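Working notes, beginning with the structure itself.
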Amino acid sequence: MNTKELTQETKRKMDRAQSVLENDLGQMRAGRANASILKPVVVDYYGAQTPLAQVASISIPEPRMLMISPYDKTALENIEKGILEADLGLNPMNDGDNIRIQIPQLTNERRQEIAKKAKATGEQSKVAVRNVRREAMDAIKQANKDDEVNDDEAHQLEDQIQKLTDSAIKGIDQIVKDKQASIMND
């Protein structure tokens, strides 16, 4: 076992958990128009389930409005249906050429609900980081057992892995805190 590779791989996996969290939180609606809230939308386009971004362009003409312009006007009704089926709490308005989505002002209750969901998503990311730590610790113990590393090296590695874990958890907490502040202040 290469100890440097183990710490690099562990750091890479923990960083991946943070980037997945940022992506997930980016899709949460914070009261202002953001094209990423439409990422989960898939459209039945000639029999194939296709992501919305591949069949239409999404623009933000006003702070609280999304405008979807299909590349193929025949897909307009399927896009509208896809948005409704995604159950995002959005009401698409079809004007024959484009679909407009007015982003409603969030109530304080809805803001708290979204902030709570953001925190739960952060907790899932922390669990993922802890699972990566557990895998690394198991690998270190196995290497120590197989005499690939001595006890001192194993303890040093465990300390490095713990420091990576603490740093990742701190980063996740900050990402969630920033998102919650954004949700509550928009």
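For the chain, what is the relative contact order in percent, using Cα pairs closer than 8 Å and at least 6 residues apart in sequence? Write down the numbers at each step before the final one.
Numbers: 232 pairs, mean separation 48.7, N = 186.
In percent, rounded to a whole number, it is 26.
Measuring r between the beta carbons of residue 150 and residue 22 and using R0 = 41 Å, the FRET efficiency lands at 0.60.
Pairwise Cα distances in region 84-150 exceed 16 Å for 71 percent of all pairs. Ligands, DNA and RNA aside, residue 15 has an accessible area near 70 Å² when probed at 1.4 Å.
Would you list 173, 159 from the most to the least accessible area, probe 1.4 Å?
On the way: 173 70, 159 90 Å².
My answer, sorted largest first, is 159, 173.
Restricting attention to region 95-186, the count of lysine pairs at 8 or more positions apart or across chains with alpha carbons under 26 Å apart stands at 23. Taking square-rooted eigenvalues a ≥ b ≥ c of the alpha carbon gyration tensor, is region 21-90 rounded, prolate or oblate, where a/c under 1.5 means rounded and, failing that, a/b exceeding b/c means prolate? In terms of gyration-tensor shape, prolate. Between residue 41 and 52, the built amide H atoms are under 5 Å apart, and every one of these is 5 or more places off in sequence or on another chain.
Any idea of the accessible area per residue across region 88-146, 1.4 Å probe, to the nearest Å²? Mind dumping the intermediate values first?
Numbers: 3570 Å² over 59 residues.
Accessible area per residue, region 88-146: 60 Å².
For the chain, the longest principal axis of the alpha carbon atoms and the long axis of helix 3-26 meet at an angle near 20°. Within the full protein context, the accessible area of residue 90 is estimated at about 10 Å² for a probe radius of 1.4 Å. Computed in the context of the full set of protein chains, the accessible area of the chain at 1.4 Å probe radius has 46% of its extent on carbon or sulfur. Relative contact order of region 82-186, taken over Cα pairs closer than 8 Å and 6 or more residues apart, is 30 percent. Labels on offer are (1) 25, 20, 16; (2) 44, 20, 11; (3) 23, 21, 17, and the one holding semi-axes √(5λ) of the Cα gyration tensor in Å computed from this structure is (2). Remark: region 155-167, residue by residue, has Karplus-estimated 3J(HN,Hα) of 5, 4, 4, 4, 5, 4, 5, 5, 5, 4, 5, 4, 5 Hz, where x stands for each Gly or Pro and the curve is 6.51 cos²θ - 1.76 cosθ + 1.60 at θ = phi - 60°.
From the protein chains alone at 1.4 Å, what is the descending order of accessible area for 28, 93, largest first?
Numbers: 28 20, 93 95 Å².
The ranking, largest first, comes out as 93, 28.
The values are calculated or read from the model by the stated rules, or taken from the named source; none is laboratory data. The model shown is predicted, which means the values in this text are computed figures rather than measured ones. Note that we place each Cβ from the backbone using ideal geometry, even for glycine, and neighbour counts take in every protein chain shown. Areas reflect the complete protein model, heavy atoms only, side chains present, ligands, DNA and RNA absent. Shrake-Rupley method; radii C 1.70, N 1.55, O 1.52, S 1.80 Å.
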